[in-house]
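Trainee: Please read through the structure below; I'll follow up with questions.
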Amino acid sequence: MFIDEPRPGRAGELSRRELLRRSAVSACGIAISPAILVYSGCAPAPAGKKESATPGPESDVDYTLRAAKKQASPDGRSREILCYNGELPGPVIRAKLGQKLRVRVKNELDVPTSVHWHGQHQPGTWQMDGVDGVSRPPIAPGEEFVYEFVATPAGTHWYHSHTGVQYGDGLFGPLIVEDDKPIAPYDREEILLINDWFLQSSEAILAGLTKSSAGGMAAMKMKDSGGAAGADKMPGMKMPAADSTKADTTKKMPGKMADDAAKTPEKSGAMAGMKMPGMKMGDGKPDLGDVPFESALFNGRGRFGSDSAAPLASIDVKPGETLRLRLINGSSTYALRFQVDGHQLTVVASDGAPLEPIEVDNLVINVGERYDVLLRADKSGTSWIRAATLAGDEARALLRYPDAPAGEPAATPVVWGERALRPEEMRARDPVPTVKKPREIRLRLGGSMQPFVWSINDQVYPQADTISLKTDEVVRFVMENPTGMDHPFHLHGHYFSVLGDPDRPNLTSAPQKDTINIPAGKTVLLEWRAKNPGRWFFHCHIEWHVATGMARVIEIT
């Protein structure tokens, strides 16, 4: 369950080392929902003491996080995980906009660790951003450190380790910053933190990916930041097929799902009623992840295989109420399509930034992204809550009305609603004006499976040039992705305006985001003002890609 109580704490010292050397540790599961009890396989820590019973904008909020190992079975399979305060995921950290947030992190692991506050802009406190080797050193084993910063911006965010690939093992949790004025009318909220899950530790997964490419990084010829030419000639690079909407999405489905999809593809995980943006590699198969899908979790609960009896996450609703669902994709690898069967969703925010409301049946949440959606409880019985990879591998949770019968409904194949959220239709509620002549920086993504290396402008982090900007400089990133995979990119310390397609840029109402997917074979324009001095990280949020080089440091002076 979530411990939604601030905790008293002071500080020790945080630590962080080179990204690749620390790129792995053990593993941890996940569990989430502020209003419901969620099984995680980890015993919850006792509730902490609230420093202020009714904190105002000027008061401080204190929490304590203990990073440690546990044995747990979040998807029915037992493994050693990493988690905060014995919970999967860690406790909800909640503050009001403008409050000072202090979080004491105690490292009870046998390796260094850190915590990044994903979505928090850290004005004046960039050293608290928690990026190993960029913000400050990591927290050494047995030591502790207090992160202290002003909670801003408001919205749905999350926190996670930024040391190696630790967060893939469960070191993450939700971070909610409440605004004075609600983003929209609603009765209550639920947090759904969704993530892919693997039996092996993230360290072992990364070792397997890089095993056959030992020495590959050293053997690569690194070019300067302007040398984008030749990125499409990197070893193992495969370009997307001309038609990326016809990938055979049934080939990766497990068991009965694949059989059902073959019989009724129009009602299968092939995303009925829409064309899916699945990429295709040279063999025509969708290239959706570096690691084969195993399972996914809602709030720490999931199932591996059709024979599993592991419990599922469940949300109870009352007829007529409006829920605000705070959706977080805390995966290491996979984008996930989200739907609540039979219910329309109204999208009102992305990455915490308000949007003009959009009514949809489902939406894709890329790794690191957050969406706030409103759901009107106007049905009865039990509905499936779905999350599926773009290849059709599915995880489920339950939405239950008071008249719902005991047990679960039949596990029918998913029928996706026809109205899917399209990135190009998102409009900012409070758009930021663009400028006529921003500084333009072209960033060409590159990658290879043999050797397993991912780059920006042919440079592999940490052997990569720093992007140097002046305070208040407006910059336009031209993100070119000639690779065969999508790459969800996250900018620390700032929002950017997603102008989108260079041929049809949105120059008047571009949404504000901090995490954006760069589709395979596409170019996306991002414009932002470097108004927050410090050292910031900009990287692909697929764990295996940032761990092997797809990142840059941005220094604003």
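Trainee: If I go through region 178-205 residue by residue, how many of them are among the β-branched types (Val, Ile, Thr) and touching a Pro at 6+ places or on another chain (Cβ under 7 Å)?
Mentor: Summing the residues that are among the β-branched types (Val, Ile, Thr) and touching a Pro at 6+ places or on another chain (Cβ under 7 Å) in region 178-205 gives 2.
Trainee: Answer yes or no as to whether PHE149 is of a type outside the set (Asp, Glu), in contact (Cβ under 8 Å) with a residue 12 or more places away in the chain and over 28 Å from ILE467 (Cα atoms).
Mentor: It is false that PHE149 is of a type outside the set (Asp, Glu), in contact (Cβ under 8 Å) with a residue 12 or more places away in the chain and over 28 Å from ILE467 (Cα atoms).
Trainee: Select, from LEU421, LEU491, LEU443, LEU526, the only residue that is more than 20 Å from the chain's Cα centre (by Cα) and of a type in the set (A, V, I, L, M).
Mentor: LEU443
Trainee: For the subset of region 302-332 comprising residues that are open to solvent by 30 Å² or more (accessible area, probe 1.4 Å), within 25 Å of THR389 (Cβ to Cβ) and charged (D, E, K, R), which member is nearest to the chain's Cα centre (by Cα)?
Mentor: ARG303
Trainee: When you scan region 350-361, do you find a residue that is buried (at least 18 other Cβ atoms within 10 Å of the Cβ) and in contact with a His (Cβ under 7 Å, 6 or more places away or on another chain), even just one?
Mentor: Checking region 350-361: at least one residue is buried (at least 18 other Cβ atoms within 10 Å of the Cβ) and in contact with a His (Cβ under 7 Å, 6 or more places away or on another chain).
Trainee: Please pick out the residue among ALA530, ALA547 that is within 21 Å of ASP351 (Cα to Cα), modelled with pLDDT of 95 or more and either touching an Asp or Glu at 6+ places or on another chain (Cβ under 8 Å) or buried (at least 21 other Cβ atoms within 10 Å of the Cβ) (or both).
Mentor: ALA530
Trainee: Right, here's the next one. Looking at VAL432, VAL347 in this structure, which one is more than 22 Å from GLU321 (Cα to Cα) and either loosely packed, with under 15 Cβ neighbours inside 10 Å or of a type in the set (Val, Ile, Thr) (or both)?
Mentor: Unique residue meeting the criteria: VAL432.
Trainee: Another question, then. Show the residue pairs that are 6+ apart or on different chains and have beta-carbon atoms under 6 Å apart, the first residue being within region 195-221 and under 30 Å from LEU88 (Cα atoms) and charged (D, E, K, R), the second being at pLDDT 95 or above and in a loop (DSSP other than H, G, I, E, B).
Mentor: Close Cβ pairs satisfying both conditions: ASP196/SER331; ASP196/THR333; ASP196/TYR334.
Trainee: Where the second residue is buried (at least 21 other Cβ atoms within 10 Å of the Cβ) and not in a loop (DSSP other than H, G, I, E, B) and the first is touching a residue at least 12 places away in the same chain (Cβ under 8 Å) and hydroxyl-bearing (Ser, Thr, Tyr) and lies in region 166-181, which pairs have Cβ atoms under 9 Å and are six or more apart or on separate chains?
Mentor: Filtered contacts from region 166-181: TYR167/LEU82; TYR167/HIS116; TYR167/HIS160; TYR167/SER202; TYR167/GLU543.
A quick yes/no check of all residues on (1) under 23 Å from VAL61 (Cβ atoms); (2) of a type in the set (Val, Ile, Thr); (3) outside any strand (DSSP E or B):
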position	(1), (2), (3)
VAL105	yes, yes, no
ASP110	no, no, yes
VAL134	no, yes, yes
THR163	no, yes, yes
LEU175	yes, no, no
PRO185	no, no, yes
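Trainee: Name the residues in region 145-162 that are among the hydroxyl-bearing types (Ser, Thr, Tyr) and crowded, with 24+ Cβ neighbours inside 10 Å, would you?
Mentor: TYR147, THR156, TYR159, SER161
Trainee: Just for strands (runs of 3 or more DSSP E) wholly inside region 347-446: which have at least 3 residues that are over 20 Å from ILE194 (Cα atoms)?
Mentor: The qualifying strands (runs of 3 or more DSSP E) are 353-360.
Trainee: So, one more: Within region 466-477, identify whether any single residue is farther than 24 Å from PRO502 by Cβ, under 24 Å from the mean Cα position of the chain (by Cα), assigned to a strand (DSSP E or B) and not small (Gly, Ala, Ser), and answer yes or no.
Mentor: No, the conditions are met nowhere in region 466-477.
Trainee: Mind listing just one residue for me: the one in region 198-219 that is outside any helix (DSSP H, G or I) and either at pLDDT 95 or above or at positive phi (or both) and, of those, least open to solvent (accessible area, probe 1.4 Å)?
Mentor: PHE198
Trainee: Could I ask something else about it? Could you grab the pairs with beta carbons closer than 8 Å, sequence gap of 6+ or different chains, first residue in region 508-521 and open to solvent by less than 10 Å² (accessible area, probe 1.4 Å), second one β-branched (Val, Ile, Thr) and assigned to a strand (DSSP E or B)?
Mentor: Close Cβ pairs satisfying both conditions: ALA510/VAL498; PRO511/VAL498; LYS513/VAL498; ILE518/VAL524.
The values are calculated or read from the model by the stated rules, or taken from the named source; none is laboratory data. Just so you know, these numbers come straight off a predicted model, no measurement behind them. Quick reminder, even Gly has a Cβ in these numbers, built from the backbone with ideal geometry, and neighbours come from all protein chains shown. Keep in mind that these areas ignore ligands, DNA and RNA; they rest on the heavy atoms of the full protein, side chains included. Shrake-Rupley method; radii C 1.70, N 1.55, O 1.52, S 1.80 Å.
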